[in-house]
Amino acid sequence: VFSWTPLQSWPLRNMSGKGKKEEKGKGKGKGKGKGKDGGVPGGPDPIKVMRAVKEAMNRHSTTLGIPVEQPTILKFDEALNSGTGKLVFSGDKPGALAAKAIAYTIQDVATCGVKTLCFWRTHVDDETFRPINDLLKTNRILNLELMGNRLTAASMDPLGESLQTVMLQHLVLDFNEIGDLGAIRLSNGLKANRFLTNLSLAYCALGPDAGVAIGENVIPNAALKQLNLQGNRLQSDGLKPIGLNLAKSTTLEVLNLADNSIGTALEPLEALRHGLNANMTLKELNLDFNQIGSAGATLFIETVNKLKSFKVTASLEQDLFKTIYRDEGGGKKKGKGKGKGKGKGKKKK
């Protein structure tokens, strides 16, 4: 099973130890400056805000017939007093109904300061998504991550409509069964969007039709900087419209098309090369785990020189692989025979 590491430049998914230490340092500084009650001079009283949060959570949880989990309240408190504005939930809890109550609470308590909302593998389904989508319309949420949930194409229609006007900047929907229909609905909403900069639809069961919709509506988006489509089945037919429309993008910097069953057909690969040559902003392109063949890879020998990172499958003929592969730092791959794989194996022994 292939394990994917998220793009390092995406800030919300890089939860490094260093980042946590820096946040602790900031917390101490704020505590000393603010005194016991915390808060910002002239800003909302955190004690009153948390009282409102508890009341709202109790009210909505009672309506939904679920208990209020204390860890949820503590997460609200941390998001408020740390100044990060991040609410991150992972695993079986808080669950779908509690996610509803959380979304309702953020809507009710405008002063809670939540700007980043993450539900990772928390069973959020299409019904649960409705209040989350309503919350987006308040323009308080700038970053939304819903990885590994139970969303389908049914949620993409209202989300697409919201994306026409909301100020969301970062959206991750990885590992949801969105499918071609969902991608088409979502992309229709992105036609008019001028705020979203990061979009990830990895492992969302997207096929060639999704590639057409994304190529025509998402790639030319004026604000998009990073697009992750890894682990789908766009295939060669889905690659062609993406490649052709790269020429129209003036902001896209990172494009991940790894593991998309892209084959050796030369016409789609030539369209991608044409788009790359005309594009002036792209820095990173990932075609790894696609069997594009030697003839297809050869098309990019000259084009890769304008990119900092260009990744292809290591199953290519070794000399060709070493010629066109670029790592994220802009250098060439040392070679698949003497590279990281064997080195790591010797160390384990």
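The values are calculated or read from the model by the stated rules, or taken from the named source; none is laboratory data. Remember, it's a predicted structure, so these values are computed and weren't measured experimentally. Neighbour counts are summed over all protein chains in view; Cβ atoms, including those assigned to glycine, are modelled from backbone coordinates with ideal geometry. Please note that ligands, DNA and RNA were not included when accessible areas were found on the heavy atoms of the full protein model with its side chains. Shrake-Rupley method; radii C 1.70, N 1.55, O 1.52, S 1.80 Å.
Can you pull out every residue in segment 153-177 that is closer than 18 Å to Ala96 by Cα, open to solvent by 30 Å² or more (accessible area, probe 1.4 Å), in contact with a helix residue (DSSP H, G or I) (Cβ under 6 Å, 6 or more places away or on another chain) and not hydrophobic (A, V, I, L, M, F, W, C)?
Selection gives nothing.
Which count do you get for residues in segment 323-349 that are touching a strand residue (DSSP E or B) at 6+ places or on another chain (Cβ under 9 Å) and at pLDDT below 95?
Within segment 323-349, residues that are touching a strand residue (DSSP E or B) at 6+ places or on another chain (Cβ under 9 Å) and at pLDDT below 95 number 7.
Can you pull out every residue in segment 282-315 that is β-branched (Val, Ile, Thr) and over 14 Å from Gly243 (Cα atoms)?
Ile292, Thr298, Ile301, Val304, Val312, Thr313
State yes or no: is Ala271 more than 23 Å from Asp209 (Cβ to Cβ) and open to solvent by less than 50 Å² (accessible area, probe 1.4 Å)?
no
Can you run down the residue pairs with Cβ atoms below 6 Å, 6 or more apart or on separate chains, where the first is in segment 78-91 and at negative phi and the partner is among the charged types (D, E, K, R) and assigned to a helix (DSSP H, G or I)?
From residues that are at negative phi, the pairs are Leu87/Lys75.
State the number of residues belonging to segment 188-240 that are within 19 Å of Glu284 (Cα to Cα), charged (D, E, K, R) and in contact with a helix residue (DSSP H, G or I) (Cβ under 8 Å, 6 or more places away or on another chain).
1
Name the residues in segment 255-303 that are farther than 17 Å from Val218 by Cβ, modelled with pLDDT of 95 or more and of a type in the set (Val, Ile, Thr), would you?
Matches in segment 255-303: Ile262, Thr264, Ile292, Thr298, Ile301.
Regarding segment 193-203, can at least one residue be identified that is open to solvent by 10 Å² or more (accessible area, probe 1.4 Å), of a type in the set (Lys, Arg), out of contact with any Ser or Thr (no Cβ under 6 Å at 6 or more places or on another chain) and over 26 Å from Leu276 (Cα atoms)?
Within segment 193-203 (the criterion being open to solvent by 10 Å² or more (accessible area, probe 1.4 Å), of a type in the set (Lys, Arg), out of contact with any Ser or Thr (no Cβ under 6 Å at 6 or more places or on another chain) and over 26 Å from Leu276 (Cα atoms)), the answer is no, since none of the residues qualifies.
Quick one: which residue in Lys21, Lys32, Lys93, Lys28 is open to solvent by 90 Å² or more (accessible area, probe 1.4 Å), at pLDDT below 95, touching an Asp or Glu at 6+ places or on another chain (Cβ under 7 Å) and not small (Gly, Ala, Ser)?
Matching residue, one of Lys21, Lys32, Lys93, Lys28: Lys93.
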